[in-house]
Amino acid sequence: MIQLSSIEKVYRTDSIETLALTGVNLDVARGEFLSVMGPSGSGKSTLLNIIGLLDSPTSGNIVLAGEKVASYHDRKLAHIRNQKIGFVFQSYHLVNDLSVVDNVEIPLIYRSMSGKERRQRALAALEKVGLSARTKHFPSQLSGGQRQRVAIARAIVGEPEIILADEPTGNLDSVMGQEILAILKSLVKDMGTTIVMVTHDEPIALETDRIVRLFDGSQVN
Amino acid sequence: MIKQMFLMIWNRKRQNALMMIGVFISFFSLFLVFTTMIYMLSNYLKPLGFEYENVWYINPGWSMEEKDDILETLRQVEYALDTYPEIESYSFSNTFLFIPAATNSRTYLRDGREVNINQGTVGDEFDDVLNIQMLAGRWFDERDNARARPPVVINDQVRDEFFPGKNPVGEIMVNKDGEEVTVIGLIGEFRNSGDFTGSKQMMFHRGTTSMPSDWLDQMDGMFSRILFRVKPGSTRELEQRIQVHINNIAKDWKVKMGRLDEARESANNQTMVLPIIMAIICGFLIINVALGLFGVIWYNTKRRTSEIGLRRALGSTITYVQRQITGEAMVLATFGMIIGLFFALQFPLLGVMGFISSQIYLSAALLSVVIIYAITFLCALYPSSQASRIEPAIALHNE
């Protein structure tokens, strides 16, 4: 599902070159739940951004769901992000001026779909994460765990093949963290979704299918 | 996408209120300025109703003497003017020509309602001097010497008010004091205040030196004039000769001479002062509002960097981001203008300035809408372009 080969990422300023990733090779199979671990600054988020087509590698190749994306322009990349990838962030990234259900609808407004169908799919996604009773609430009226569940609903509403989760339990207590993990695991089991999750939490990572560790931008075994 | 744009605007109504108020104020100011300008332009494109080229005037400036003495002196002036072959025709007139601020009106009764009509007392040759075209009836002449009721010539504005759809010649009009006059002639437009001023109701009375001196009561020495049409190409030298000649006849009078084309230019300049001041103030206001709009849109865009990054991550293209920022600004501008239009439409609906037609108000409103949209679009262009360059990976870390 995800193939990275010889990925290198260098950030350049006028006088400094920072090597964020080097020689990263990674194959993630369809329906696999992969954790990426490593200390702060090891390149975990950079790797996730590159897989999620939010950032481009300095060199190397990426194949997502069979598509070589290296030469794709903005419109095509946006289309792949919209159709094939769902994102879950540590700080949720909900739009505070929109209600829960409107937040969940966001990925669908970039697809040609009727408003009615959008609403039905958003409500169904919220039901999956157990938030049917909070659809009209605003993010500021929800707890951290509820917000993250909204973010997961937003990630799955478009039924993507891949979900990229950047420390989804990082802002939550252990009980809430387990709840979120359970939801993610059910997505893998029930829908065959491929998940790549960045985490600092070893016990959480141990519950996934595989752990990839990064250190100073390099993969370590 | 459009539905969500409106939702976002509604949910941010407090933050957006300032921008809408700014748009409303600038729209309304623009509306007033454009209404004035379009009104003046439409007047400029209409005929004046008379010709001013090669028409000169003498302001006799007589001091208060015996009316018969004044009349006698005026007769001598007439004889003097007859001696100049360059003068084609001449006439007395107390009609304000190209004096925008001056009016002289009298109230007439129309079905018990009082209507103010601008008045002028003029001579028998007045229509020849100014090349005024008759629409019906005739101008004054000696046949009017023996009339029971004083004759008047009215213009089509008076006809439309008093005798709509009828030929007014032969009709009788009554003023507030019960004095009756007979309409003997109808003329069209007579915009004596200048090119930029509107149509007005006009009524002319007769005054010549062959009549008893009573008509002089209506002639204020300050504003009474002798108008005369000279042959094309007449020079300043002729002007000086005539002035010296009249000075010799009327030694105690403060005689001044001038030309109507120069008076017209001066009147037009005077009329333009107010709209120019309004336009300058409005210009500054628009610059102020444009800067304000730019600032608000820029600030909102910066504040929403994280949201823009999120939308890019979830599938929004660069074009979508640009459309969203510009679209929201345009929608807010629309709301501001809807409030402005509500107040603007009260002008034609309530007839606040009845002399301005609904078409002018609508044109001004339309033009203001176009200008506000253009300003808003330009103000949103740079912030939306900057927003579209936001790297989603960086923006998502900008919490």
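Readers should treat all values here as calculations from the given coordinates under stated rules, not as data from a laboratory. Note that the coordinates shown come from a computational prediction; the quantities given were computed from them, not determined experimentally. Cβ atoms come from the backbone with ideal geometry, glycine included; neighbour counts cover every protein chain shown.
Structural remarks
- Here is what passes the span test in chain B: the DSSP H helices with alpha carbon length of 15 Å or more along the helix axis and a Kyte-Doolittle mean of 1.0 or above are B:13-45, B:318-344, B:358-388.
- Chain B: antiparallel DSSP beta bridges as a percent of all, rounded to 5: 75
- Straight-line cross-link partners of A:Lys128 among the aspartates and glutamates, defined as a Cα under 14 Å from its Cα and at least 8 positions apart when in the same chain: A:Glu159, A:Glu179, A:Asp190.
- The alpha-carbon atoms of chain A define a convex hull whose volume equals 131 cubic angstrom per residue.
- Degrees, to the nearest 10: A:115-128 long Cα axis against longest axis of chain A: 80
- Beta bridges by DSSP in the protein assembly as shown, antiparallel share as percent, to the nearest 5: 65
- Relative to the longest principal axis of the Cα atoms of chain A, helix A:144-156 runs at roughly 80 degrees.
- Springs between Cα atoms under 10 Å define the GNM used for chain A, and in it the highest mean-square fluctuation of A:Met37, A:Met113, A:Met191 occurs at A:Met113.
- About the Cα centre, charge dipole magnitude for the protein assembly as shown (Lys/Arg +1, Asp/Glu -1 at Cβ), debye: 3100
- For region B:152-246, dividing the convex hull volume of the Cα atoms by the residue count gives 180 Å³ per residue.
- Stokes-Einstein D in µm²/s, Kirkwood radius over Cα pairs - region A:31-108 at 37 °C with 0.692 mPa s viscosity: 225
- Where N is the number of residues in region B:301-399, Cα Rg divided by 2.2 N^0.38 Å: 1.52
- Proportion of all alpha-carbon pairs of region B:29-82 beyond 12 Å (%): 78
- Cα principal axis extents for region A:156-221, largest first, Å: 35, 27, 17
- In this entry, region B:288-357 is assigned a mean projected area of 6.7 nm², taken as a quarter of its C-alpha convex hull surface.
- With contributions of -39500 (n - 2.57) from each DSSP H run of at least four residues, the per-residue ellipticity at 222 nm computed over chain B stands at -17000 deg cm²/dmol.
- Antiparallel DSSP beta bridges within chain A, percent to nearest 5: 50
- Taking all Cα pairs closer than 8 Å and separated by 6 or more residues, the relative contact order of chain A comes to 31 percent.
- Enclosing the Cα atoms of region A:93-221 in their convex hull gives a volume equal to 126 cubic angstrom per residue.
- The peptide list B:47-60, B:131-144, B:85-98, put in order of mean Cβ contacts within 10 Å with the highest first, becomes B:85-98, B:47-60, B:131-144.
- Note on chain A: GNM, Cα springs under 10 Å; of A:Leu187, A:Leu206, A:Leu77, the largest mean-square fluctuation is that of A:Leu206.
- Computed over the protein assembly as shown, Kirkwood Rh from alpha-carbon pairs, angstrom: 31.4
- MRE, 222 nm, helices only [DSSP H, n ≥ 4, -39500 (n - 2.57), over chain A, to nearest 500]: -10000 deg cm²/dmol
- In plain terms, the C-alpha convex hull of chain B casts an average shadow of 26.6 nm² when viewed from every direction.
- Geometric extent, Cα atoms of region B:61-254 - Rg, Dmax (angstrom): 17.3, 54
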